[in-house]
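Worksheet: one structure, shown below.
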Amino acid sequence: MKVVTHIRELKELIRMNQRKQHSVGFVPTMGFLHEGHLQLAKEAREQNDVVVMSIFVNPLQFGPNEDFESYPRDIKRDQCLAEAIGVDILFTPDVKEMYKEKPSVTVSVQKRTDVLCGKKRPGHFDGVATVLTKLFHLVEPTKVYFGLKDAQQVAVIDAMMEDFFFDIQLVSVPTVREEDGLAKSSRNVYLSEAERQEAPTLFQALKRGQTAVENGERDPKRVHQLIEKELLKTSGEIDYIGIYSYPHLEPLQSLAGQVIIAIAVKFSKARLIDNVIFHVPESGEKHV
Ligand code: PAF
């Protein structure tokens, strides 16, 4: 595995692979790798000649009172994990390499951001879209891999690819979970022991909502109430419970089509997000 920190070096390696007409699978990350990231890299390994992973904690996607400084970092451990899973090129630029001076141009996302994390974290998805635009231009991948735990991020990137004519295939990979259902996340290390015990309630609450819909409930308000009741059993503070169409993230009067139920809960030092995405038959459409 080649570890590169400079853009010039990365471009040389990319050019070399392009001359060999190699397909490139790209896994952008902010590091502190867990099994969710490794699943993305594994799929990229299986589907491409070359696998590029980036590790860059992107300051542009953190708000002023968010955890940019304290975001967990362990580059040595990440390098070992990336190499073991079969990454060929690990790109680990520093902030100055990616943002040389006050930027002249940034990307501003216009749709799919007025709900869920986009509403709670103003500017977050502009930061994500800006850094990914830069990374996509640098890596020029054939396929790019994202986890569905950040389903709103996947929806935003999907729209960005279309609007900006990126000729890259987006591969969205299901959330990887602990045995008790907790979605794997770099931020889970910040849960206290007691909070860690409570955290599986997030997924249980989502499943409770999904089961109610599968049993015929179509009123999003009633599904919201069921989920809220479950989440109130934890010591965490509910940041949001959202039920929308997916990937458009529009409100629904009655649940039908592809639906996302997404939640965010703030514990003392970690804000956890999770979601379920599933198909609700339109009236008249047969259950399968
Ligand atoms: O999902 C993440 O880790 C980040 O938002 C991403 C896509 C690497 C952009 O910084």
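Which residue is surrounded by the fewest Cβ atoms within 10 Å (Cβ to Cβ), if the candidates are limited to the stretch 31-57 and must be closer than 19 Å to residue 140 by Cα and within 11 Å of the ligand (Cβ to nearest atom)? Write out each step before concluding.
Applying the first criterion (closer than 19 Å to residue 140 by Cα) to the stretch 31-57 yields 40-41, 43-56.
From the residues that got through so far, the ones that are within 11 Å of the ligand (Cβ to nearest atom) too are 40, 53-56.
On the way: 40: 27, 53: 28, 54: 24, 55: 22, 56: 19.
Filtering first and then ranking leaves 56.
Scan the stretch 198-237 for residues that are closer than 23 Å to residue 266 by Cβ and among the hydrophobic types (A, V, I, L, M, F, W, C) and jot them down.
199, 202, 203, 205, 206, 223, 226, 227, 231, 232
Quick check, is residue 187 open to solvent by 40 Å² or more (accessible area, probe 1.4 Å), at pLDDT below 95 and more than 28 Å from residue 254 (Cα to Cα)?
yes
So, in the stretch 162-179, how many residues would count as being open to solvent by 30 Å² or more (accessible area, probe 1.4 Å) and within 20 Å of residue 37 (Cβ to Cβ)?
Total satisfying the criteria: 9.
So which helices (runs of 4 or more DSSP H) stay within the stretch 134-252 end to end and still have 2 or more residues that are among the aliphatic types (A, V, I, L, M)?
In the stretch 134-252, 151-163, 201-214, 220-231 are the helices (runs of 4 or more DSSP H) which contain 2 or more residues that are among the aliphatic types (A, V, I, L, M).
Test each condition in (1) open to solvent by 20 Å² or more (accessible area, probe 1.4 Å); (2) within 21 Å of residue 155 (Cα to Cα) for residue 197 and report the one that comes out false.
Here residue 197 meets the rest and fails (2).
Please work out which residue is least open to solvent (accessible area, probe 1.4 Å), limiting yourself to the stretch 99-132 and to residues that are away from the ligand (no atom under 12 Å from the Cβ) and among the polar types (S, T, N, Q).
Here the residue is 113.
For the stretch 221-266, how many residues meet the condition of being over 22 Å from the mean Cα position of the chain (by Cα) and open to solvent by 20 Å² or more (accessible area, probe 1.4 Å)?
So the count comes out to 15.
With the condition kept exactly as written, say whether any residue in the stretch 60-77 is over 30 Å from residue 269 (Cα atoms), open to solvent by less than 60 Å² (accessible area, probe 1.4 Å) and of a type in the set (A, V, I, L, M, F, W, C). Steps first, answer last, please.
Taking the stretch 60-77 as the starting set, the residues that turn out to be over 30 Å from residue 269 (Cα atoms) are none.
No, that holds for no residue.
Which members of the stretch 133-171 meet the condition of being over 25 Å from residue 6 (Cβ atoms), away from the ligand (no atom under 12 Å from the Cβ) and polar (S, T, N, Q)?
Correct list: 169 only.
Starting from the stretch 9-31, keep only residues that are closer than 28 Å to residue 60 by Cα, then list their pairs with residues that are of a type in the set (Lys, Arg) and part of a loop (DSSP other than H, G, I, E, B) whose Cβ atoms are within a distance under 9 Å, requiring at least 6 positions of separation or different chains.
Correct list of pairs: 30/73; 31/73.
Here is a check on your reading of the model: is residue 91 surrounded by 13 or more Cβ atoms within 10 Å (Cβ to Cβ) and not β-branched (Val, Ile, Thr)?
On the way: surrounded by 13 or more Cβ atoms within 10 Å (Cβ to Cβ): yes; not β-branched (Val, Ile, Thr): yes.
Criteria met by residue 91.
The values are calculated or read from the model by the stated rules, or taken from the named source; none is laboratory data. Nothing here was measured: the structure is a model prediction, and the numbers come from that model. Methodologically, a virtual Cβ is constructed for each residue, glycine included, from the backbone with ideal geometry; neighbour enumeration extends over all protein chains shown. In case anyone asks, the SASA skips ligands and DNA or RNA and just uses the protein heavy atoms, side chains included. Shrake-Rupley method; radii C 1.70, N 1.55, O 1.52, S 1.80 Å.
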